[in-house]
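Following: one structure in structure tokens, then a few remarks.
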Amino acid sequence: MRIILQEPVEHLGNIGDTVTVADGYARNYLLPTGRAIIANESNVNYVKHHLRGLEKKRLRHQADGEALRDRLQTLTLEFERKVGEQGKLFGSVTVMDIAEKLNENDVEIDRRKIELPEAIKNIGDFKALVKVQIGIVAEIKVVVVGDQDDEVLTATDDAAVAEVSESAAPAEPTDSSEADEV
């Protein structure tokens, strides 16, 4: 089915492009959501007549995407996680975690638009890629730090265990005669 895109659609094209897609994709997704209209003669004439308006809409959409990219690139997302030996995390930081943290910063991004070049399973600095729009990708800095409370708690527990083991140890008898009586 031939359609005319009313807004940018990934893997298809930009506003005003005429493309051919599967009938079901057009009928079940693109047409009901208003992302496209059927490319019949009257709609083609309508698009030609309103091409200037569509071009302005496309430029405005692109400017919004670039502004969002610039805002995302200034963000640094910090995650505090429980850490095992050698800085390995219990679990990992996922794209879902990144999407939630972005929502906390008033940036709503679909988790499917976030890519991690490598799995985040250690503490340190990492980069995440966010596909803002077609052709616009933002790079976000992700910092993973160890949970401070766990480290302090572990050190305190170790000291307490050492203290208890010292006080619980039986006192050595000083006299051999006392040892025989016991």
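Scan segment 32-50 for residues that are touching a strand residue (DSSP E or B) at 6+ places or on another chain (Cβ under 9 Å) and not in a strand (DSSP E or B) and report the count. Quick ask: steps written out before the conclusion?
First, the residues of segment 32-50 that are touching a strand residue (DSSP E or B) at 6+ places or on another chain (Cβ under 9 Å): 35-40, 43-44, 46-47.
Applying the additional criterion that residues be not in a strand (DSSP E or B) yields 35, 39-40, 43-44, 46-47.
Number of matching residues: 7.
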> Can you name the condition, by its number, that D17 falls short on among (1) surrounded by 14 or more Cβ atoms within 10 Å (Cβ to Cβ); (2) at pLDDT below 85; (3) of a type in the set (D, E)?
Replying inline: (2)
>> Here are the criteria: (1) within 8 Å of the chain's Cα centre (by Cα); (2) within 15 Å of R71 (Cα to Cα). Tell me which single one D97 does not satisfy.
In response: (2)
>> Name the single residue that is farthest from Q133 (Cα to Cα) among those in segment 1-31 being part of a loop (DSSP other than H, G, I, E, B) and charged (D, E, K, R).
In response: D17
> Considering only segment 1-56, how many residues are without any contact (Cβ under 8 Å) to a residue 12 or more places away in the chain, basic (K, R) and touching a helix residue (DSSP H, G or I) at 6+ places or on another chain (Cβ under 9 Å)?
Replying inline: 0
> Within segment 88-113, can you find the residues that are under 18 Å from I136 (Cβ atoms) and either loosely packed, with under 14 Cβ neighbours inside 10 Å or basic (K, R) (or both)?
Replying inline: E108, D110, R111, R112, K113
> Residues in segment 60-87 that are charged (D, E, K, R), surrounded by fewer than 14 Cβ atoms within 10 Å (Cβ to Cβ) and assigned to a strand (DSSP E or B): how many?
Replying inline: 1
>> It is to be established whether one or more residues within segment 1-20 are within 21 Å of K113 (Cβ to Cβ), more than 28 Å from the chain's Cα centre (by Cα) and small (G, A, S).
In response: no
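Return a yes/no flag: does segment 118-125 have any residue that is assigned to a strand (DSSP E or B), more than 27 Å from H61 (Cβ to Cβ) and modelled with pLDDT of 90 or more.
Just the residues of segment 118-125 that are assigned to a strand (DSSP E or B), to begin with: 120-122, 124-125.
Right, trim to more than 27 Å from H61 (Cβ to Cβ) and you get 120-122, 124-125.
Those still in the list that are modelled with pLDDT of 90 or more too: 125.
Yes - at least one qualifying residue is present in segment 118-125.
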> What number of residues in segment 114-130 are touching a residue at least 24 places away in the same chain (Cβ under 8 Å), more than 13 Å from F79 (Cα to Cα) and surrounded by fewer than 17 Cβ atoms within 10 Å (Cβ to Cβ)?
Replying inline: 1
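The values are calculated or read from the model by the stated rules, or taken from the named source; none is laboratory data. Keep in mind that this is a model prediction, so the values were computed, not measured. A quick note on method: Cβ atoms are made from the backbone with ideal geometry, for glycine too, and the neighbour counts reach across all protein chains shown.
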